[in-house]
Every structure is written in C-alpha cells, then in structure tokens.
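Everything below concerns the one structure shown next.
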Amino acid sequence: MHIYNTLTRRKEPFSPLVAGKVSMYVCGMTVYDYCHLGHARVMVAFDVITRYLRHRGYDVTYVRNITDIDDKILKRAEENGETISALTERMIAAMHEDEGRLNVLPPSQEPRATGHIGDIVAMIETLIEKGFAYAAANGDVYYRVRKFADYGKLNNRQLDDMRSGARVDVDVHKEDPLDFVLWKAAKPGEAHWHSPWGDGRPGWHIECSAMSTCCLGDTFDIHGGGPDLTFPHHENEIAQSEAATGKTYVNTWMHAGAVRVNQEKMSKSLGNFFTIRDVLDEHDPEVVRYLLVASHYRSAINYSVDSLVEARKSLTRLYTALDGVNADEQAAASDAAERFTAAMDDDFNTPVALAALFDLARDLNRAKSDQPAEAPRLAGELKRLAGVLGLLQQTPQTFLKGAQQQVALSEEEIEAKIAERYAAKASKDFARADAIRDELAALGIILKDSREGTTWVIEAP
C-alpha cells in the first residue's frame with residue numbers, strides 16, 4: 001500500500017508503527033454552526049480511508065476531535081443569546097445527524113478540547129520550560145516560531161519569506177510577528193479556565209497537539225484534515241508537538257481536496273455556500289456520498305446539479321445490475337476484487353476502484369440472462385466491494401423506487417407517453433417521437449428500445 005505524504009510531497013510505502021494497527025488523527029469541526037459541504041468532503045474521505053484500512057485487516061484507531069471552545073463559538077453564543085454549552089451541544093448533535101445520513105461511521109474516539117484543558121496546560125508548560133514558548137505581560141502565552149528549526153517543512157516555506165499579514169496576528173506583546181498564541185487571557189465575562197499564567201482558554205493549534213498525543217501517543221501513523229489546514233494549523237501542530245516531545249509527530253500527512261460549487265470557491269459572500277443538511281434535504285444522501293467518493297480524495301470536487309445528476313445515473317447503473325438477484329456475499333473474491341484492491345492500495349484511488357465495480361456490474365447484467373447461476377456470486381461481490389466505500393447500502397428496490405418518486409410523472413403517465421411515441425413512430429411522425437423521448441429524458445426517464453418493445457428506467461432526479 002502506498003499513500004501520498006503531504007510532508008514529503010510523494011507517495012510512500014505505508015508501514016504503520018505497530019504491525020497490523022493504524023493510529024490516525026483527523027482535525028474535526030469547530031462546532032459553532034452547521035457543517036457545510038467542505039466538512040462533508042473530509043468526513044467522507046477519511047471514512048472511506050478508515051473502512052478500507054479495516055477491510056485490509058488493520059486494527060484502526062481513528063480519532064477525530066471536536067473544537068468546542070473558540071472565538072467563533074464565543075461570538076455566536078453571544079449573538080444567539082445562549083450559553084456556550086447549549087450552542088456546542090446543539091451543533092454536535094446536528095453534526096452526528098449529518099454524518100449518519102451520509103453513512104459516515106463514528107470515529108473510535110471523539111475528544112473535545114474542553115475535556116483536555118489539563119493536557120493542554122501541561123504541554124504549554126513543557127514548551128515554556130524548553131524555551132519554545134513565553135508568557136507575555138498581557139496574560140497570553142506565545143510560541144517562539146524561530147526557535148523551531150524545522151518550521152515550514154510541511155508547507156515548504158522559509159521563515160524569512162514569511163511576513164505578518166492576513167494569516168499572522170500583529171500583536172505588540174509578541175517577541176516576533178510570526179509567533180502564535182498558545183493560551184489566551186480571558187476578557188471580563190468570558191468563559192475561562194485556570195492556568196499558571198492566569199485565567200484564559202487555549203489557542204486552537206495547541207488543542208490538537210494535546211488531544212492527538214493524549215489519544216495516540218507522541219508519534220502516530222496518519223494525520224489528516226481539510227486542504228485549508230496545512231498552514232498555519234498543521235505547521236503549528238508539528239512545531240508544538242515535536243518541540244514538546246523531541247520526537248517525530250506524525251509519519252504520514254494526508255489532506256482532502258476542496259469543494260467547489262459550479263467551478264467557484266464555496267463562499268458565503270458568493271451566495272454558493274451550502275450546509276450538509278441543505279443538500280441532503282434536496283438530494284438522496286447516497287447520491288451525495290457517491291459524488292464525494294467518485295473523485296480521488298486529494299482532488300477538488302465540483303458540486304453542481306449536473307454533477308449530482310451524473311452521480312445518480314452512476315448509482316442507478318449499479319443498483320439496476322443488483323435488481324432481481326439474491327446476492328451471495330460469502331462467495332470467493334474475483335478478478336474485480338483484485339483490481340479494486342490494487343486501486344485502493346494506490347493512495348486510495350476511488351475512481352479506478354469504482355471502474356472495477358462498473359465492470360463487475362456489466363458482467364452481472366450479462367450473467368442475469370446468460371449465466372443465471374453465476375449472478376448471485378457477482379452480485380455479492382459487487383455489494384461487498386461497494387460496501388467498503390460505504391455505497392449500495394439500500395436494497396435496489398428502495399433506491400430505484402426513491403428515484404422514481406422524484407420524477408414528476410406517474411408510472412401510468414410514463415406508459416401513456418411511450419404509447420404516444422409508438423403511435424407517432426407508426427405514423428412516421430419521427431419528429432414527435434423524438435420530442436417525446438427528449439421530454440422524458442429531461443425528467444430522468446430513459447427509454448430503451450428492443451425487439452420486445454420499449455422499457456424505461458430512472459437515471460436522474
């Protein structure tokens with residue numbers, strides 16, 4: 001198995017620290033609002049990675065944290081007129097609901113920042129003792145970036161090329177503009193915890209360093225997250241953790257691709273910002289999951305109506321192949337399984353893995369008419385492999401019926417249109433016959449002509 005390592009910028013053979021076991025930490029959500037499509041991308045990407053590692057026989061400890069104390073949380077709670085805990089508990093419940101609808105398995109552990117204040121304070125104390133951090137006169141504690149010789153290695157940046165600006169807070173209490181905060185002194189009335197430097201709360205970066213090492217040890221196998229976290233968040237995590245422990249923090253860094261909406265960056269200012277629940281209220285969750293799985297986890301995804309239509313068409317092909325067959329999921333592995341495994345072993349290449357599933361679906365369709373006794377084995381293999389990606393978890397009847405329910409015409413109306421088209425063809429009014437076909441296709445109803453007559457399937461919402 002080979003995995004692309006963001007740190008080295010190349011694919012590397014994967015060799016876990018402990019044979020047969022994988023330790024993985026992924027930066028989770030800051031729970032001040034509902035999760036958006038970018039969060040869904042990360043959720044599903046690392047869910048697929050976890051499922052596949054377990055499929056390959058690894059015992060995976062998957063830790064994904066929750067940031068439940070943060071400036072944005074404080075601001076939103078005040079705006080809403082609710083307590084911090086009321087806001088965060090509500091958003092965590094909503095996040096879990098979104099995950100369930102997307103068929104995302106819960107992580108092995110889900111630590112919260114507020115549950116690790118003692119670990120955070122202890123790590124900051126260690127950094128101060130080693131000279132990597134200092135307490136300022138205003139009650140804040142800062143990390144000395146220039147003290148850590150390898151700062152910038154994850155993002156291939158040189159310190160002298162970095163300047164204070166949009167990503168670096170300018171603060172007169174810092175020794176250097178590049179230094180970042182580890183502990184923030186509390187303002188009057190703010191939520192706070194006691195520390196040797198006064199009442200306050202942790203900075204965002206130190207939270208993940210403390211939680212990850214607490215749950216997985218000083219060094220672990222994989223650290224993942226969204227594409228926007230490489231700098232400064234993950235760069236700062238490396239600096240904090242390796243300075244505190246003197247050990248390599250993470251062996252393999254993985255980052256999921258971004259989500260674009262109609263080829264534009266998703267942004268509230270552009271009016272193309274979607275929460276997960278907005279999307280799932282309008283579209284079948286499995287169709288949305290398929291869209292997220294169909295692209296390589298490191299690639300950007302374009303979210304659009306057209307891309308969802310294509311995702312539904314693809315799922316419909318797979319479910320149509322399974323329809324009418326009693327799948328034997330205990331059957332021996334096939335050539336398709338070998339190709340599926342080879343693809344996933346190559347940095348979790350889901351597009352190539354899905355191509356193997358479509359070949360299997362094609363073979364299943366042929367077997368249903370030519371070799372009926374072989375069909376249950378092929379159907380079982382298709383379901384088993386798709387399950388590794390979290391797909392084909394419904395019965396074919398449920399999915400295909402759900403697609404049909406999204407069509408504006410009833411079954412009787414569709415059949416009446418087919419009869420009208422047949423009459424138009426019989427009277428050589430081919431323009432009308434083609435127009436009827438196009439009308440139905442626009443609704444996602446695809447006609448299939450054969451010697452036995454015309455049948456139809458639903459291939460899009």
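Read-outs throughout are calculated quantities, based only on the coordinates presented, and are distinct from any laboratory measurement. The model shown is predicted, which means the values in this text are computed figures rather than measured ones. FYI the Cβ positions are ideal-geometry reconstructions off the backbone, even for glycines, and counts take in every protein chain you see.
Numbers at a glance
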item: Rounded, prolate or oblate (a/c below 1.5 giving rounded, otherwise prolate when a/b exceeds b/c) for the chain by Cα gyration tensor; result: prolate
item: Summed side-chain charge close to residue 392 - residues other than residue 392 whose Cβ falls under 10 Å, Lys, Arg +1, Asp, Glu -1; result: +1
item: The chain: DSSP helices with Cα axial extent of at least 27 Å and average Kyte-Doolittle hydropathy no lower than 1.6; result: none
item: Sites matching chymotrypsin sites (Phe, Trp or Tyr not before Pro) across region 289-383 that sit in DSSP coil, with at most 10 neighbouring C-beta atoms within 10 Å; result: none
item: Check: region 31-186 dipole with +1 on Lys, Arg Cβ and -1 on Asp, Glu Cβ, in debye; result: 600
item: Lysines whose Cα lies under 24 Å from that of residue 448, excluding same-chain neighbours fewer than 8 positions away; result: 313, 368, 401, 417, 425, 428
item: In nm, spacing of pseudo-spin labels at residue 393 and residue 420 (7 Å Cα→C-beta vector); result: 4.0
item: Region 41-164 shape via C-alpha gyration tensor axes, a/c threshold 1.5; result: oblate
item: R0 of 41 Å, Cβ-Cβ distance residue 328-residue 19: FRET efficiency to nearest 0.05; result: 0.80
item: Of all DSSP beta bridges in region 140-282, antiparallel share, percent nearest 5; result: 65
item: Estimated 222 nm signal from helices in the chain, with DSSP H stretches of n ≥ 4 weighted -39500 (n - 2.57), rounded to 500; result: -14000 deg cm²/dmol
item: Rounded Å value of the spacing that divides the Cα centres of region 1-40 and region 359-431; result: 37
item: Qualifying chymotrypsin sites (Phe, Trp or Tyr not before Pro) in region 1-81, DSSP loop, other Cβ atoms within 10 Å at most 15; result: none
item: Extension gain (nm, one decimal) between residue 158 and residue 447, 0.36 nm per residue minus Cα-Cα; result: 98.0 nm
item: Gyration tensor verdict on region 28-69 (Cα atoms; rounded if a/c is under 1.5, prolate if a/b is larger than b/c, oblate otherwise); result: oblate
item: Positive minus negative residues near residue 334 (Lys, Arg vs Asp, Glu; Cβ under 11 Å); result: -3
item: Cut-off 12 Å between beta-carbons: net charge of the residues surrounding residue 429, Lys and Arg +1, Asp and Glu -1; result: +2
item: The chain: antiparallel DSSP beta bridges as a percent of all, rounded to 5; result: 55
item: Cross-link pairs beyond the 28 Å C-alpha cut-off, checked among 21/72; 130/174; 21/383; 75/147; 11/147; 72/265; result: 21/72; 75/147; 11/147
